[in-house]
Amino acid sequence: MTTTRNTESQPRSTPSAAADFPCPPTLDRIGLGLERAILHRPLLWLAIAMSVLGVGAIIGLIVDPQETLGAPLWAKPLKFALSIALYSLTLSWLIGMLTRHARLAWWLGTVSAVFLAVEMVIITGAAALGTTSHFNVATPATTTLWSVMAISIVIVWSAAMVVAGLVWRYRIPDPGRALAIKSGLIVGVIGMGLAFLMTSPTAQQLSNFQGIAGAHTVGMPDGGEGLPLLGWSTVAGDLRIPHFVGMHALQLLPLAALTLELCARWVRPLRLPPVRRRVVAVLVSLYIAITALLTVQALLGQSIVKPDVPIAVTAGGLFLAATAAIAVILNRRPRSLTPSSEVQAEMPADETAPTH
């Protein structure tokens, strides 16, 4: 008996233009490693505590009309609670990804959680007493508390640098994700370090000492007109702005990589990991340049809402250059990739094989 094969029902592999653009990753493969990470619990609990504290600070803003240095008394606890909650969640995830030097990473995270909690206890306590916590050396007690805060943030910053080194050695196979996560850590550590620019006493403070040593405003005393809630000065330079922008590269750059993967469903060139990596490289370069520009603007004493012509032109030029570079990357004809290389590039991270 002779059998015949129905070749009509078999899929045919024929070359086409779509071969250069494989199907984009599905949603269950898009995550940046969160589904494989064991979150660092002390940092996770700190994030939960900061969320609760943030709610309490919002209530304080509503029921307590007091101000300090021209800003609502409970605005600072709210801002720091939200920032520390985001930082704790991010660091918890990054530490949870690591398999090499996991014990060291765990202790670094725990130490960070402890000293961030110390920082928030002092900030919240000062608000409850109707005074300021930062730069306050008016009495021996406030000087001691400010010294404890300074030591705490140095310890947290040092721990972040070590974690950045550990994550830098960790193997993340998707090139766009790898660049976004590792660059976000480096820029974030630099952004945290920009806070040290605020710790030196100003010339006005030295000439007429009133118990405050250090300032975030450049060109005018702290306080005065500022953006709602954020408090960033609208009449002078403010070093909190580059500090904030740089520090939150930890979240924004990985989110940019995730957004590119989501957009790959509609933007065909983004389906290729090398293309996504090039776009991420442009975004990282833009982020670093903008952080540097904001630092220069603050040091020049310019308000974020009133830049001079050189600053405005430079900022516009940076965004135009980045837009043009991304357009070139997306319109460039990609090199053909073999199916096996595409599949390998999209596979989840091999946590047992960190790079050396």
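The values are calculated or read from the model by the stated rules, or taken from the named source; none is laboratory data. Here the structure is a predicted model, which means the values were calculated and not measured. Here the Cβ positions follow ideal geometry from the backbone for every residue, glycine too, while neighbour counts run over all protein chains shown. Heads up: the accessible areas ignore ligands, DNA and RNA and are worked out on the full protein's heavy atoms, side chains in. Shrake-Rupley method; radii C 1.70, N 1.55, O 1.52, S 1.80 Å.
Here are some notes:
- Test: Val114 is within 26 Å of His40 (Cβ to Cβ), of a type outside the set (D, E, K, R) and surrounded by fewer than 20 Cβ atoms within 10 Å (Cβ to Cβ): yes
- Residue satisfying all of: in region 117-154; touching a Gly at 6+ places or on another chain (Cβ under 7 Å) and aliphatic (A, V, I, L, M); surrounded by the fewest Cβ atoms within 10 Å (Cβ to Cβ) among these: Ala138
- The residues of region 252-292 that are under 19 Å from Ile241 (Cβ atoms) and modelled with pLDDT of 95 or more, listed by number, are Leu286, Tyr287, Ile288, Ala289, Ile290, Thr291, Ala292.
- From the options Ser83, Ser112, Ser92, residue that is touching a Ser or Thr at 6+ places or on another chain (Cβ under 9 Å) and of a type in the set (S, T, N, Q): Ser112
- Flag if Pro254 is more than 20 Å from Lys306 (Cα to Cα) and open to solvent by 20 Å² or more (accessible area, probe 1.4 Å): no
- Leu61 vs. criteria modelled with pLDDT under 90, open to solvent by 50 Å² or more (accessible area, probe 1.4 Å) and touching a Pro at 6+ places or on another chain (Cβ under 8 Å): yes
- Each residue in region 276-303 was checked for being farther than 21 Å from Ala256 by Cα and surrounded by fewer than 18 Cβ atoms within 10 Å (Cβ to Cβ), and 4 of them qualify.
- The condition of being out of contact with any Asp or Glu (no Cβ under 6 Å at 6 or more places or on another chain) and at positive phi holds for His101.
- Inter-residue pairs, beta-carbon under 9 Å, first in contact (Cβ under 8 Å) with a residue 12 or more places away in the chain and in region 98-122, second outside any helix (DSSP H, G or I) and among the aromatic types (Phe, Trp, Tyr), 6+ apart: Leu98/Tyr170; Thr99/Tyr170; Arg100/Tyr170
- In region 98-135, the qualifying residues are those that are more than 20 Å from the chain's Cα centre (by Cα) and of a type in the set (Gly, Ala, Ser), and the one that is nearest to Val148 (Cα to Cα) is Ser133.
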